Amino acid sequence: MTQPETVTIARFTYRHEAEFAAGFLADADIPHSVLVDDHGGHVTFSNSAAVLVATPDADRARAVLREAGMLPTGE
């Protein structure tokens, strides 16, 4: 079975922000992943925390995060 293609729907400076956003997606039953490259410590601006979803779920996921106030209205 092949993995679905994914897209980054949001980036955050801190891991806890991405995990908080992921909670809204979980509540909406949208499969997601949080990708963090913090080397076990502080996330830098160049190594942000990203929230990924399957491409077909991207629009719905963005709407969920926008409604939760986790995305600017223009994203």
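The values are calculated or read from the model by the stated rules, or taken from the named source; none is laboratory data. Keep in mind that this is a model prediction, so the values were computed, not measured. In this analysis, Cβ positions are derived from the backbone assuming ideal geometry, glycine residues included, and neighbour counts consider all displayed protein chains. Ligands, DNA and RNA are stripped out before the accessible areas are found, and what is left, the full protein with its side chains, is counted by its heavy atoms. Shrake-Rupley method; radii C 1.70, N 1.55, O 1.52, S 1.80 Å.
Collect the residues in the stretch 48-71 that are over 18 Å from R15 (Cβ atoms), in a helix (DSSP H, G or I), of a type in the set (A, V, I, L, M, F, W, C) and in contact (Cβ under 8 Å) with a residue 40 or more places away in the chain, keeping them in residue-number order.
A58, A61, V64 - these are the residues of the stretch 48-71 that are over 18 Å from R15 (Cβ atoms), in a helix (DSSP H, G or I), of a type in the set (A, V, I, L, M, F, W, C) and in contact (Cβ under 8 Å) with a residue 40 or more places away in the chain.
Answer yes if at least one residue in the stretch 1-23 is in a loop (DSSP other than H, G, I, E, B), open to solvent by 40 Å² or more (accessible area, probe 1.4 Å), of a type in the set (A, V, I, L, M) and at pLDDT below 95, and no otherwise.
yes
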